[in-house]
Amino acid sequence: MAAVQSMPGLPSKPLPKYEQEPESKFDLEWADLVTLDLSQFDTPGGKERLAAQLKEAIHNVGFFYITNFGLSQDDVDRQFAIGKEFFSLPTEEKVKYKGSSLQRGCLLDRFDLRPGFSAILDDADFLVADLMNGNYNGYRPKGSGEILPGKRDNVEMYNVFKFIPQLEREQPAIVNEHREEIERFQRKIAEDVVQKLLVLISIILELPEDYLAKGHQYDDVSECHLRYMIYRHRTPEENAEYQNLYSKGHSDFGSLTLLFRQPVAALQIRMPDGSWKWVKPYPGSITVNIADVLQFWTAGYLKSSIHRVVAPPADQAHIDRLGLLYFLRPAYDLKLKTLDSPLLKRLGLKPENDTADEIKAGDWVRARVKGNQDKVPQGGNLEKPVIGGIKAKYYD
Ligand SMILES: O=C(O)CCC(=O)C(=O)O
Ligand SMILES: [Fe+2]
């Protein structure tokens, strides 16, 4: 097999220190969001207090901040530095890391060689299918999707899936060189930070505390990933042509999205009255939002919030905006059926889509990723069929 998965013996080049951009001086219309101090989680009554605080907040809008989550700004900045190094590579180098048939052959070889993996040979297809088929593992070049008719996006992503054998893929040198650190960072989020959030949501739903955690284990095959992202800046003329949009209003596909502090103002949330508010990046915080699968599971009690990315204010308009996000998705095979929650029963909430019960969370996520490549719906009817007759909504 030609691909090298990791190079333990290789000395890592020191990473240049990443300096975060200064905040905008503009006084923007910021969304008023609640902040959960996760250091309270293990104190007596802490979980219950945080759950009560969160319950209030997510009724309003499915976005909130967390602080004291156990990763320092230095840990976070090192991840930004890794992303920056990767995006500075020439395009020819980066496109090698898109899902491809070459990779498929390579993975099949690997599975053949490993006892115990024959059972998932059939799954290998879905694990390594290309981006156009909904595989987000690896590189997504800019221009993969349309924003306005004939106008393509300016966003590059590098998605690092979990470091488990079924999801391994060929990685660029920068990831191989810092693999241990990336895995440590990823596991801290997956095995600690999001587990706490899932406990809080289970408490809100009056379910056993570990109920949601069970469907989100690091060893589960799922579409969870750490994402490095860059929005290349546009000129004022280009921004006018694109109606200032870098990413159309959308909801995220999985369970939760965690957005590490990104001082370049550009993210906006659609409020219940249809207005857009900016999300302020507070020092030491992660912005978290609820995504589609939690909306399905809670018959719409938890809202998969609509958000978009627009041109930054004038003092940040020249910056190529780097992002670092963690996308939490459920174990692939879990169904989108409404959970058996006493709270939801009491509220008499009914599923918003009858066909969701039998759809696998992984298939939903993949269908949404696929739908996000190339054409986005335009005009008055900004809806796109996803799977099982269910549509996703987009907003300008
Ligand atoms: O870059 C951001 O602030 C948000 C990105 C986002 O919404 C997404 O990738 O789904
Ligand atoms: Fe998003």
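No lab work stands behind these numbers, since they all come straight from the coordinates. It should be emphasised that the depicted structure is a prediction, and the values quoted were computed from it without experimental measurement. Cβ sites come from the backbone with ideal geometry, for glycine too, and all protein chains shown count toward neighbours.
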Next on the checklist: Can you tell me the length gained on complete extension of the stretch D75 to E241, counting 0.36 nm per residue apart and subtracting the Cα distance?
Outcome noted: 56.0 nm
Checklist entry - Packing-wise, with mean Cβ within 10 Å as the measure, how do 288-300, 326-338 rank, highest first? => result 288-300, 326-338
Checklist entry - Which semi-axes, in whole Å and largest first, does the equivalent ellipsoid of the chain have when worked out from the alpha carbon gyration tensor as the square roots of 5 times its eigenvalues? => result 29, 27, 23
Item to check | Virtual spin-label span in nm between W30 and W276, 7 Å along Cα→Cβ | outcome: 2.0
Checklist outcome for this item: Checking rank on 346-355, 225-234, 316-325, with mean other Cβ inside 10 Å and highest first, the result is 225-234, 316-325, 346-355
Checklist entry - Residue separation times 0.36 nm, minus the C-alpha to C-alpha distance between E206 and S39: what's the value? => result 57.9 nm
Checklist outcome for this item: Heads up, the stretch 150-256 by the C-alpha gyration tensor (a ≥ b ≥ c square roots of eigenvalues; a/c under 1.5 rounded, else a/b over b/c prolate, else oblate) looks oblate
Checklist outcome for this item: FRET efficiency (D192, D340; Cβ distance; R0 30 Å; to 0.05) is 0.65
Item to check | By average C-beta atoms within 10 angstrom, highest first, the peptides 85-93, 384-392 | outcome: 384-392, 85-93
Checklist entry - Say the cut-off is 25 Å between C-alpha atoms; which of K47/K214; K188/K248; K25/K375; K214/K277; K47/K84; K196/K335 go over it? => result K188/K248; K25/K375; K214/K277; K47/K84
Item to check | Contact order normalised by residue count of the chain, Cα under 8 Å, 6+ apart, percent | outcome: 21
Item to check | Two-site label geometry, D357 and E383: point separation in nm, points 7 Å out along Cα→Cβ | outcome: 2.2
Checklist entry - Between rounded, prolate and oblate, where does the stretch 10-87 land on the alpha carbon gyration tensor, with a ≥ b ≥ c its root eigenvalues, rounded for a/c under 1.5, else prolate if a/b exceeds b/c? => result oblate
Item to check | Selected from E23, E358, E237 as most flexible by GNM, with the chain as the system and alpha-carbon contacts under 10 Å | outcome: E237
Checklist outcome for this item: Taking a crude spin-label model, label points 7 Å out from Cα along the C-beta direction, the K350 to T67 distance in nm is 4.4
Next on the checklist: I'd like the FRET efficiency for A52 and R232, computed as 1/(1 + (r/R0)^6) with the beta carbon distance as r and R0 of 41 Å, rounded to 0.05.
Outcome noted: 0.45
Checklist entry - Which whole-Hz ³J(HN,Hα) couplings does the stretch 269-279 yield from phi under the Karplus relation 6.51 cos²θ - 1.76 cosθ + 1.60, θ = phi - 60°, glycine and proline marked x? => result 10, 8, 7, x, 8, x, 7, 10, 10, 7, 9
Checklist entry - Whole-Hz Karplus ³J(HN,Hα) for the stretch 305-321, in order, using 6.51 cos²θ - 1.76 cosθ + 1.60 and θ = phi - 60°, x for Gly and Pro? => result 5, 7, 9, 8, 10, 10, 4, x, x, 3, 6, 10, 5, 8, 8, 7, 7
Checklist entry - Between A317 and Q20, 0.36 nm times their residue separation minus their Cα-Cα distance comes to what? => result 105.4 nm
Checklist outcome for this item: Under the rule rounded for a/c under 1.5, else prolate if a/b exceeds b/c, else oblate, using alpha carbon gyration tensor axes a ≥ b ≥ c, the stretch 331-390 is classed as oblate
Next on the checklist: Amide H of Y246 versus every other amide H placed in the peptide plane: which residues, excluding those fewer than 5 positions away on the same chain, fall under 5 Å?
Outcome noted: V309, V310, A311
Item to check | Karplus 3J(HN,Hα) series, Hz, for the stretch 208-225 with 6.51 cos²θ - 1.76 cosθ + 1.60 (x for Gly, Pro) | outcome: x, 4, 8, 4, 6, 4, 4, x, 9, 9, 4, 7, 5, 6, 7, 8, 4, 7
